[in-house]
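The values are calculated or read from the model by the stated rules, or taken from the named source; none is laboratory data. What you are looking at is a predicted structure, and each value in this text was computed from that prediction instead of being measured. All Cβ positions, even for glycine, are placed from backbone atoms using ideal geometry, and neighbour counts span all protein chains on display. When the accessible area is computed, the model is the full protein with side chains, heavy atoms only, and any ligands, DNA or RNA have been set aside. Shrake-Rupley method; radii C 1.70, N 1.55, O 1.52, S 1.80 Å.
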Amino acid sequence: MSGIDQTLKEIERPKRALVLSGGGARGAYEIGVLKALKEQGVEYDLAFGTSIGGINAAFYAQGKIDRVEELWNTLKATDIFRFPNIEQIRSILRGSRWGLFDTSPLEEMLYREMNLEKFKASSTKVGFLTTDLCTLETRLITSDDITTLPELIDTLMASSALPILFPARTLGGEGFWIDGGLVRNTPIQTAINMGAKEIHIVLVEAETDGVCPSNMMQVLARCADILLYASARDGIRLVHEYNKLVQSGQFAEAEAEIQPLIIKVFQPSGNMNTTILGIDPLRSTRLIEQGYFEAMSLLALV
């Protein structure tokens with residue numbers, strides 16, 4: 001395809017955004033969806049993620065879907081975080097520690113796997129949302145803002161920090177930044193603000209899960225699930241409400257013709273049988289396969 005033909009193709013296609021939600025161990029499902037999208041030649045101008053969705057988006061932008069699949073197929077929970085001992089729990093109670101789990105294994109893995117040059121050179125602009133516990137400011141950090149590998153790692157760690165479970169992160173020596181997906185300012189709204197006309201959203205929780213927690217750790221993980229899922233659903237409702245206004249002629253007097261947003265949601269069809277902390281190679285492999293086949297089925301309907 002010539003340069004002119006490629007330019008015309010990009011002009012014809014509306015700006016397309018990918019939104020990857022948070023969900024810890026369930027993030028393996030996203031990799032299966034991304035594999036299917038890649039095979040079908042679907043490309044994105046923008047990609048946004050929170051928590052594990054942000055990490056998956058960073059791998060996606062570097063063209064490392066195969067590599068991140070390898071990681072999911074081999075990593076255990078202890079390769080990502082360390083469980084607290086009695087002294088560490090005491091440190092939390094004394095206020096000298098800010099998260100139950102030690103996430104240094106995740107940070108070390110990200111330093112090994114992230115390639116800043118590929119990340120910056122990607123044709124897909126990536127955005128991460130993170131919220132400061134001090135000021136309650138939610139900040140969008142894009143690949144344009146990140147200039148060094150430590151900045152990229154700090155941003156990914158901040159976006160993945162779940163209160164109580166994972167420690168908050170300072171950015172530029174300031175604040176205590178956590179997962180931005182826990183507040184209403186979702187990546188879906190950000191995608192719209194940045195001009196996306198077609199938005200593909202990957203959720204990692206079924207519409208009806210029905211799993212009851214059996215211990216305190218599962219209660220904490222379940223609470224995080226509820227917050228993350230509610231935030232994503234709010235963003236989807238926002239798109240549907242906007243489209244209703246467009247279709248009802250509410251913007252008829254606008255200078256430019258306003259078209260409804262195109263939205264496609266990829267979501268597990270049933271219970272995924274894991275909590276956000278249940279990272280396990282066999283389970284991850286099954287989730288990748290589930291995401292792949294369900295996405296391929298949905299794409300076949302288009």
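Restricting attention to segment 179-208, which residues are in contact with an Asp or Glu (Cβ under 8 Å, 6 or more places away or on another chain) and modelled with pLDDT of 85 or more?
Matches in segment 179-208: 196, 202, 204.
Taking segment 109-137 on its own, how many of its residues are touching a strand residue (DSSP E or B) at 6+ places or on another chain (Cβ under 8 Å) and open to solvent by 40 Å² or more (accessible area, probe 1.4 Å)? Explain how you work it out, then say what you get.
Keep residues of segment 109-137 that are touching a strand residue (DSSP E or B) at 6+ places or on another chain (Cβ under 8 Å), which gives 119, 124-135, 137.
Now drop any that are not open to solvent by 40 Å² or more (accessible area, probe 1.4 Å), which leaves 125, 133-135, 137.
Summing the residues that are touching a strand residue (DSSP E or B) at 6+ places or on another chain (Cβ under 8 Å) and open to solvent by 40 Å² or more (accessible area, probe 1.4 Å) in segment 109-137 gives 5.
Within segment 55-70, which residues are in a helix (DSSP H, G or I) and touching a residue at least 24 places away in the same chain (Cβ under 8 Å)?
Going residue by residue through segment 55-70, those that are in a helix (DSSP H, G or I) are 55-61, 65-70.
Once the filter is applied, which keeps residues that are in a helix (DSSP H, G or I) and touching a residue at least 24 places away in the same chain (Cβ under 8 Å), segment 55-70 yields 55, 56, 57, 58, 59, 60, 61, 65, 67, 68, 69.
Find all pairs meeting these conditions: Cβ atoms under 6 angstrom apart; at least six residues apart or on different chains; first residue within segment 248-267 and at pLDDT below 65; second residue of a type in the set (Val, Ile, Thr).
Every condition considered, the pairs that remain are 251/258.
In the set 94, 26, 82, which member is under 20 Å from residue 163 (Cα atoms) and either modelled with pLDDT under 70 or in contact with a His (Cβ under 9 Å, 6 or more places away or on another chain) (or both)? Give the derivation first.
On the way: 26 fails: either modelled with pLDDT under 70 or in contact with a His (Cβ under 9 Å, 6 or more places away or on another chain) (or both); 82 fails: either modelled with pLDDT under 70 or in contact with a His (Cβ under 9 Å, 6 or more places away or on another chain) (or both).
Answer to the selection: 94.
Is at least one residue of segment 215-226 modelled with pLDDT of 75 or more and closer than 18 Å to residue 20 by Cβ? Walk me through how you get there before you give the answer.
Restricting attention to segment 215-226, the residues satisfying the condition of being modelled with pLDDT of 75 or more are none.
There is no residue in segment 215-226 that is modelled with pLDDT of 75 or more and closer than 18 Å to residue 20 by Cβ.
Search segment 23-50 for residues being open to solvent by less than 10 Å² (accessible area, probe 1.4 Å) and of a type in the set (Gly, Ala, Ser), and hand back the single one that is nearest to residue 199 (Cα to Cα).
47
Are any residues in segment 121-161 within 14 Å of the chain's Cα centre (by Cα) and more than 30 Å from residue 42 (Cβ to Cβ), and if so, which ones?
161
Out of all the residues in segment 51-77, which are of a type in the set (Ser, Thr, Tyr), buried (at least 24 other Cβ atoms within 10 Å of the Cβ) and modelled with pLDDT of 95 or more? If you could, list the steps in order and put the result at the bottom.
From segment 51-77, those of a type in the set (Ser, Thr, Tyr) are 51, 60, 74; that's our starting set.
With the extra rule that they be buried (at least 24 other Cβ atoms within 10 Å of the Cβ), the set shrinks to 51, 60.
Selection gives 60 alone.
Of the residues 196, 191, which is in a loop (DSSP other than H, G, I, E, B), buried (at least 19 other Cβ atoms within 10 Å of the Cβ) and touching a residue at least 60 places away in the same chain (Cβ under 8 Å)? Break it down into steps so the answer makes sense when it comes.
Numbers: 191 fails: in a loop (DSSP other than H, G, I, E, B).
So the residue among 196, 191 that is in a loop (DSSP other than H, G, I, E, B), buried (at least 19 other Cβ atoms within 10 Å of the Cβ) and touching a residue at least 60 places away in the same chain (Cβ under 8 Å) is 196.
Name the residues in segment 138-154 that are part of a loop (DSSP other than H, G, I, E, B) and open to solvent by less than 80 Å² (accessible area, probe 1.4 Å), would you?
The first filter runs over segment 138-154 and keeps only residues part of a loop (DSSP other than H, G, I, E, B), leaving 143-148.
143, 146, 148 - these are the residues of segment 138-154 that are part of a loop (DSSP other than H, G, I, E, B) and open to solvent by less than 80 Å² (accessible area, probe 1.4 Å).
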